[in-house]
Amino acid sequence: METKPRVINRQPYWEEPPQPGQRLRDLKWVTVEFLSDKTFRIVAEAPDSEELESFIRAMEADSYECMTPEMIRALMKERGWTNRALAVRWKRSETWISKIINDSRRDPYWDDAFNGLPFSLTSTDKRRN
């Protein structure tokens, strides 16, 4: 029995790349959805305005600000992850996971890793279906 791939992440995506000097806010934006079968699809719907603004601000920022520990914990909770489950998935200790979460000077790729977490298979979040 085949199961329908589920959306594990969504983010804004420009319909056409910006031209030199073109402002990101002047582009037409769509949404890209990343699926559980490791594929993606582009959806012809505009992203949420707050999400798009946050995305553009992050792209335009001269310096990167890490997600706060509270933001990471909220994201993990939303997606059904505990420190213990993440430690098992990433083959690290719970202490190591906690140190990464609480390190205000962590490398930006860690925030990318947290943002890319799929919904846990044990999550009861209705959006994972």
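None of the figures in this text is laboratory data; all of them are computed from the coordinates on show. Predicted, not measured: the structure shown is a model, and the values here were computed from it. All Cβ positions, even for glycine, are placed from backbone atoms using ideal geometry, and neighbour counts span all protein chains on display.
With a threshold of 30 Å on the Cα-Cα distance, the over-threshold entries among K28/K91; K38/K91; K4/K99 are K28/K91; K4/K99. Between R6 and S36, D37, the built amide H atoms are under 5 Å apart, and every one of these is 5 or more places off in sequence or on another chain. Compared with the dominant principal axis of the Cα atoms in the chain, helix 69-78 is inclined by about 80°. Each helix, a run of at least 4 DSSP H residues, gives -39500 (n - 2.57); summed and divided by the residues of the chain, these come to -10500 deg cm²/dmol at 222 nm.
For the chain, the longest principal axis of the C-alpha atoms and the axis of helix 49-60 are separated by about 90°.
Over region 2-97, the fraction of Cα-Cα pairs per 10 Å bin, rounded to whole percents and listed from the shortest bin up, is 13, 32, 34, 18, 3. Note on W90/E16: beta-carbon distance plugged into 1/(1 + (r/R0)^6) with R0 of 35 Å gives a FRET efficiency of 0.45. Near V32, the amide H atoms lying under 5 Å from its own belong to Q11, Y13, V43; only residues 5 or more places off or on other chains count, and H is placed 1.01 Å from N.
About its Cα centre, the dipole of region 69-122 is roughly 220 debye, where the only charges are +1 on Lys and Arg Cβ and -1 on Asp and Glu Cβ.
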